[in-house]
Amino acid sequence: MKNIDSNGHVTGKSLYLDDLPLRQDSLFGVVVGSEVAHGKILDIDLQEAENDPGVIKIFTYKDIPGENQIGGIVADEGLFAEDTVHFIGQPIALIVATSERAGREAREKVNIKYKKLKAITDPREAAANGSYLLPPRTFAAGHPEKQWDRCAYVFTGSTEQAGQEHLYLETQGAYSYPMETENLMVHSSTQSPTAIQRTIAKVLALPMHRIQVDVVRLGGGFGGKEDQATPWAVMSALAAHLLKKPVKVVLSRHDDLHMTGKRHPYSSDFRIGLSKDLKILAYEVEYFQNGGAANDLSPAITERTLFHTTNAYYIPHVKSTVHSCKTNLPPNTAFRGFGGPQGMFVIESAIAKAAMELGVPAAVIQEKNFIKDNDVFYYGQKAKKVNLQKIWKAAHKEYGFIKKQKEIEQFNSQNTLLKKGWAFMPIAFGISFTNTSMNQARALVHIYSDGSVGVSTGAIEMGQGVNTKMLQVTEQTLGIKPGRIKLETTNTSRVANTSPTAASSGADLNGKALQIACSALLRRLKALASNLLNIPATQIEFLNEQVLVNGNATEWNWEKLIQKAFLSRINLTENGHYATPVIHFDKAAGKGHPFAYHVYGLAFYEVTVDVIRGTYEIDEVDVIHDFGKSMNPILDLGQAEGGIVQGIGYATMEELAYDAEGRLLSNSLSTYKVPDIYAVPSVLKVKPLKTSGHPLAILKSKAVGEPPLMYGLGAYFAIQNAVRAFNPEFKEFDAPLTPEKVLMGLYQKKEATAKKQLKSVNVFK
Ligand code: MTE
Ligand code: LUZ
Ligand code: MOS
C-alpha cells in the first residue's frame, strides 16, 4: 500500500498547522530572545514596543499564573528567562500583536540591558569549569583496567562530532484558542501532544483535562519536536488563556534556527585493546556531551549513547562514561538516533585507528568482533536472533565486495589526481524507549453503524508513514477494505497519556494497541455471527468484508453484520492498551533487558576524493538491512534512504558554525549545507535481509525510523580512507568531514594535534 498521504502531499491538499483557517480576532506571537549567551538581565524596557499600534500585550515570566517551568525530565528550564540568560535566543518575552509583522517590528523596539558573563560553548571547557547538567553516568562490564597488560595491542585516540540541525520543512509552531469556561484548544506541530498538555497545565495552573491538544501531521520532526515543540505551544496557550483570544505562534526559520536545540555535539576519548588475532578485549570511552543550557532530553540521550557504545560488536570488558556538560547554547535535544550515532562513531573510530596502526582494513576487525547469538550486550541483554554474520555473507554475495575492493586498489595505483576509499558501517540499534515506563500506547477504534471505521492512536504522522501502517493494521485485523478506514487526528482527548512518537517505536507501540482494540471488536462480531449462523466462532473468519464459515461465503457481509450488531446493542467502540512485555532495566546497576529487539544491518561505501580540490563524491552505497518482515516495503525503503542521506549529511557536510560568543553563524540555508539531490550517492541500494521478523515488532515488521541514519557514518570512514590513500598521515576523527577538512587532511604533514589546547588532553594518555 502506498503512503495514504502521497496524493495530498503532491497536490498540496495535505493540511499542516499553517493551513488551519484562522478564527476571528486571531493574534500573533513573536518571541523576544536573549541577545547574549550568558548574562544577568539588568533591565527590560518594553515601553516603546508596547506603544506600537499593533501590539496588544507583551508577556514575561511575571504573567505566568502557574510555574515558570517547562523542563521535561529535570525541572531546570523556565518558559521565559527571569534574571539570567543562558543562551542566545533564550525566550525572555512574547509580543502578542495583531499581525506577525507588527510583532516583529515591535521586537526591534524592545530594549534589554545585560551584564555579560563568561560564555562557554565547548563541552571540554565546561567540564574543566565543573559545569555539568547532571553527574556523569557510567555503564561497565568486566574489568577493562585489568586487561590492558594482557592485550597484544592498545590504542588511544580522540574524536569530535559536531551537532546537526533538524531542518524540518515546517518550523515550530502552535495555535491556541479558548473554549467554554477555562478550556483550551491547542493545535501544535509536535511529536508529543501529551508533553504539551502536561506543560501547559503546569504553566497555567490548570488540570490537564482542560487542555486539548490536536495534531493533524507534521512537516517533519526528526526528534526536533519531541521536546522542543513545547515552549511555543505553551506561549500560545498562555496568551490565548489570558487574553481570551486565539493566538498563533510560529517561528520564522531564522528564529527557529537560533532558538532551538540540535543534535548534541560530542568530544570523546577512547582506549581500545585487542588480542593478537584482533579480537577486541577491552574498550574504554569518555564522552563529553555538549548538552546546552538545560537538560531537555539529555539524560535520556546520555543513556542511549551508553547503550550504543559497542555498536554491533561483542566486547567483554567495557567502561563507558558520559559527562553531560552544561554550555551556553540552546538546550540540545532528540535527533534521529538520539545519542546512538555519537556512541557508534567513537567505537568505529577506535576500530579505524587500530586498523590504521596495524595496517589492516578496518573490515577485518569489524567482522571478527560482530556480536553473535547468546553473547551478552555489555548492559546485560542477551543477544538473540542476531543476524550480522548472515548479513555480512548476504552483502558479500549480493554486491561482490571483494572484487570491488580489488578494483579500488587498482584504481588508486593507477590514478594520482583521484583517490578512492571504501568502508563498512554495521549497525545494531536497540528498539524501545530506554526509559521502560514510556513503552506503552493506546488506540481508540469506533465502528460506525454504516460500517465505516474511525481510528485514533497516540502516533503522530510526521512523514514517516505511521498512519498508513495504522491503516494496514486495522484493515488486516478486521478483514475490511482500506477505503472504510479513516485515520483521525492525534488528539489528547481521544487518546490520553501518550508517549512521544519517537524512539522509532511509534508504529510498534500504537500498532500493537490498535491490534488489541481491533481484535476485541472482532471477537465481539464473531460471537454475534456465531449466534446468527449457529456455528462455533472458531469456524468463522472475516475476509474481504465477507463473513466466511470454514472458508465459504455466508449471507453476512461487513456492512450487514455491523448494522445487526448496532441494532443488537453491541458495543462498536474499543480502546486498546499495549505495554511492551519482557523489557526491564535497573538504572542504578546499568543492567537489564531494555530493548524489545535490535535492528541490524550493514552498509558498504565507495567514494572518490579529488586530491587537488578536496572535493569528493560518494559513488556507491550498498546496504543489507534487517527490516524484519516488512509490512510496507515502499515506506520502509523510503525511511532507509532518507535516513541514510540524513546520516551522510551529518557525517560529511552539515557544519554548524558559532562565533566565540555562541551566536549561530550558519543561520540560513546558504550557510548551513544539507544534502540536496546532488549529494545523494549516485548508487544507493538497500536490500532487505530475508528473515521471518520479530514477534514484538508490529506485524513482524521491525522499527525503521532511526536505525538507517547510522549507516551514514560509513561515509566518514570511506572518505578518510580515500584521503589516506594519498596521505597516510591523515588520522583524524573530526566529523563532519567537509571538503575543507579533506583538503587540509590531504596535505597535512603529521597527525595533527587537536585544534585546541583543551581538546588535546586525552584522558587515557
Ligand atoms: N521520517 C520523516 N519523513 N520525517 C520525520 O520527521 N522522524 C524520524 C523517523 N523518520 C521522521 C522520519 C524519527 S527521529 C523517528 S523517532 C521516527 O521516524 C518516528 O516514527 P516511527 O516511530 O513511526 O518510526
Ligand atoms: N526518546 C526518549 C527517544 O525519550 N527515549 C528514547 O529512548 C529515545 N530513543 C530514540 C529517540 N527518542
Ligand atoms: Mo526520534 S529522535 O526518536 O524523534
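The values are calculated or read from the model by the stated rules, or taken from the named source; none is laboratory data. Only a predicted model underlies this, so the values are computations on that prediction, with no experimental measurement involved. Positions of Cβ are generated from backbone atoms using ideal geometry, with glycine treated the same way; all protein chains shown enter the neighbour counts. Accessible surface areas use protein heavy atoms only, side chains included; no ligands, DNA or RNA. Shrake-Rupley method; radii C 1.70, N 1.55, O 1.52, S 1.80 Å.
Structure notes:
- Furthest towards positive pole of dipole, ILE88, SER630, LEU418, structure part the chain, Cβ charges: SER630
- Protein accessible area in region 440-579, 1.4 Å probe - carbon and sulfur %: 48
- Between region 219-252 and region 615-644, the alpha-carbon center distance in angstrom: 34
- Available extension along the chain between TRP148 and SER275 is 44.7 nm, counting 0.36 nm per residue and deducting the alpha carbon span.
- Heavy atoms of SER670: accessible area, 1.4 Å probe, square angstrom to 10: 110
- Accessible surface, 1.4 Å probe, highest first, among residues VAL85, VAL360: VAL360, VAL85
- Region 393-437 and region 654-684 have Cα centres lying 25 Å from one another.
- Relative contact order of region 176-267, pairs being alpha-carbon contacts under 8 Å that are 6 or more residues apart, as %: 35
- Net length gained if the chain between LYS57 and GLN539 were fully extended (0.36 nm per residue, minus Cα distance): 166.8 nm
- Efficiency of FRET between ARG523 and LYS397 - r from beta-carbon atoms, R0 45 angstrom, step 0.05: 0.50
- For the Cα trace of region 270-359, dividing Rg by the Kirkwood Rh returns an Rg/Rh value of 1.04.
- Working note: 222 nm ellipticity from helices only, DSSP H runs with n ≥ 4, each -39,500 (n - 2.57), summed and divided by the residues of the chain, gives -8500 deg cm²/dmol to the nearest 500.
- Kirkwood Rh and Cα Rg combined as Rg/Rh, region 440-579: 1.00
- In Å², nearest 10: area of ILE648 left accessible to a 1.4 Å probe: 10
- Taking label points 7 Å from Cα along the Cα-to-Cβ direction, HIS584 and SER493 give a separation of 4.1 nm.
- The chain: relative contact order in percent, alpha carbon pairs under 8 Å with at least 6 residues between: 14
- As a fraction of the 1.4 Å probe accessible area of region 151-204, surface on carbon and sulfur atoms comes out at 54 percent.
- When nucleic acids and ligands are ignored and a 1.4 Å probe is applied, MET653 ends up with an accessible area of around 40 Å².
- Exposure rank, largest accessible area first [SER158, SER437; 1.4 Å]: SER437, SER158
- Residue-span extension gain [VAL360 to LEU20] - 0.36 nm each, minus C-alpha spacing: 116.5 nm
- Using a probe of 1.4 angstrom and keeping all protein chains present, the accessible surface of the chain works out to 38 square angstrom per residue.
- Cβ-Cβ FRET estimate between ALA553 and THR615, R0 fixed at 56 Å, reported to 0.05: 0.30
- Once the C-beta distance of ASP659 and VAL74 is scaled by a Förster radius of 30 Å, the resulting FRET efficiency is 0.60 to the nearest 0.05.
- Computed about its Cα centre, the charge dipole of region 1-104 is approximately 540 debye, with only Lys, Arg, Asp and Glu carrying charge at their Cβ.
- In this rough spin-label picture, where each label sits 7 Å from Cα along the Cβ direction, the SER668-ASN571 distance is 5.9 nm.
- Options GLY71, ASN111, VAL250, ranked by Cα towards positive dipole end of the chain, top entry (Cβ charges): GLY71
- When only alpha carbons are used to place a centre, region 487-507 and region 100-152 end up 31 Å from one another.
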